[in-house]
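Take a look at the structure set out below.
The values are calculated or read from the model by the stated rules, or taken from the named source; none is laboratory data. Every value quoted in this text rests on a predicted model; they were computed, and no experiment measured them. Methodologically, a virtual Cβ is constructed for each residue, glycine included, from the backbone with ideal geometry; neighbour enumeration extends over all protein chains shown. Ligands, DNA and RNA are excluded from the accessible area calculation, which covers all protein heavy atoms including side chains. Shrake-Rupley method; radii C 1.70, N 1.55, O 1.52, S 1.80 Å.
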Amino acid sequence: MNWASFYAVISGVNRHSTGIGRIWLSVLFIFRILVLVVAAESVWGDEKSGFTCNTQQPGCNSVCYDHFFPISHIRLWALQLILVSTPALLVAMHVAHRRHVDKRLYKLSGRTNPKDLEQIKTQKMKITGALWWTYVISLLFRIIFEVIFMYVFYMIYPGYKMIRLVKCDSYPCPNTVDCFVSRPTEKTVFTVFMLAASGVCILLNIAEVVFLVGKACSKHLNNAGDSTLGAWIQQKLCSF
């Protein structure tokens with residue numbers, strides 16, 4: 001997968017985010033994507049060939065490996081990073097819609113200066129109105145996906161540890177055989193590191209949601225025109 005193109009798309013969306021969102025992107029790229037590409041892929045590169053059982057029965061190694069490691073760490077992390085970053089595309093589509101509406105309004109008002117149209121294309125959107133809801137929903141989806149994947153990791157690999165020795169009695173193994181995992185300590189270190197980075201991302205997303213909600217509530221309380229909560233919600237839903 002071309003992670004550089006993936007980062008370019010996400011960083012383009014992140015131009016419209018808060019300072020906390022920019023920190024999230026830095027953690028995602030430096031401590032997760034770079035570590036996955038540079039180090040983790042080499043650590044798990046021999047996971048299948050390095051998994052050996054003390055039997056020569058054909059197929060026993062493959063069956064036992066599939067039983068204890070149903071999905072590769074690398075593929076699971078790649079899927080996690082893709083799904084966690086996908087909600088940002090909701091913001092990208094909303095920003096594109098806002099720009100399309102602004103361009104149409106400019107043209108209807110008779111202003112066709114190319115510089116004005118180019119400025120609309122490059123300007124940073126404020127997180128207000130309907131975009132506020134889209135942004136907050138995207139953050140909630142990020143948090144949900146992160147939590148789901150951390151739970152999946154815990155269910156597949158209890159305690160997030162790579163065990164050194166597993167006992168397998170699956171067919172076609174002739175009896176209960178001992179199987180040995182390649183470099184379990186190193187893999188455990190990488191697993192804990194990646195999950196810790198995922199936990200930091202969850203905290204950053206929660207902090208950003210709290211920041212946005214707190215800022216919106218503060219603005220509502222200081223705005224004499226919005227006397228009720230219903231009026232504030234209606235403004236958030238209907239303003240562009």
**Message:** At 1.4 Å probe size, what's the solvent-accessible area of SER218? Round to the nearest 10 Å².
**Reply:** 60 Å²
**Fill in**
Pseudo-spin-label distance ALA96 to LEU203, built 7 Å along Cα→Cβ, given in nm, is 3.5 nm
**Item:** Separation in nanometres of the label points that stand 7 Å from Cα toward Cβ, at LYS167 and GLN56
**Value:** 2.5 nm
**Message:** Please compute the length gained on full extension between SER72 and LYS126, using 0.36 nm multiplied by the number of residues separating them and subtracting their Cα-Cα distance.
**Reply:** 15.4 nm
**Asked** How much FRET efficiency would the formula 1/(1 + (r/R0)^6) give for ILE30 and VAL189, where r is the Cβ-Cβ distance and R0 is 22 Å, rounded to 0.05?
**Response** 0.80
**Prompt:** By per-residue mean of other Cβ atoms within 10 Å, what is the highest-first order of 153-165, 85-97?
**Reply:** 85-97, 153-165
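Length gain on complete extension for the stretch VAL210 to ILE144, per 0.36 nm per residue less the alpha carbon to alpha carbon distance?
Answer, rounded to one decimal: 22.2 nm.
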**Message:** If you count only protein heavy atoms with a 1.4 Å probe, what accessible area per residue comes out for segment 173-223, rounded to a whole Å²?
**Reply:** 50 Å²
**Asked** Quick one: ranking VAL166, VAL152, VAL210 by accessible area, 1.4 Å probe, largest first, what do you get?
**Response** VAL210, VAL152, VAL166
